[in-house]
Amino acid sequence: MSPSMQKMWISIIGMLLLALAMFTIYISRYKLNNRVLKIVTAISAWLFMIIGGLIMLFVVLTGPTS
């Protein structure tokens, strides 16, 4: 697989993690009543957001591929 395709798949994974973070924080804030589950989903949302953001930062800072 070429470096450009690898970078594309990495960026798609990053975008999916950011979308998953949005979904889990929505569930945590508005749909759950159990306090423990709220905390667990909020922590997982933060982890998804941090990992997705780092992946996007990596993709942007490594620049274009040939």
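The table that follows gives values for the structure above.
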item: Cross-chain or 6+ apart pairs with Cβ under 8 Å, segment 1-12 first and more than 9 Å from THR65 (Cα to Cα), then surrounded by 10 or more Cβ atoms within 10 Å (Cβ to Cβ); result: SER2/THR65; ILE10/ILE55; ILE10/PHE58; ILE10/VAL59; SER11/ILE55; SER11/MET56; SER11/VAL59
item: Conditions (1) out of contact with any helix residue (DSSP H, G or I) (no Cβ under 9 Å at 6 or more places or on another chain); (2) assigned to a helix (DSSP H, G or I); number of the one not met by PHE23; result: (1)
item: Of residues in segment 1-40 being surrounded by fewer than 13 Cβ atoms within 10 Å (Cβ to Cβ) and of a type in the set (D, E, K, R), the one farthest from the chain's Cα centre (by Cα); result: ARG35
item: Yes/no for PHE48 being in a helix (DSSP H, G or I), over 8 Å from the mean Cα position of the chain (by Cα) and at pLDDT 95 or above; result: no
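The values are calculated or read from the model by the stated rules, or taken from the named source; none is laboratory data. Owing to the predicted nature of the structure, the values given are computational and were not obtained by experimental measurement. All Cβ positions, glycine included, derive from the backbone under ideal geometry; neighbour counts span all protein chains shown.
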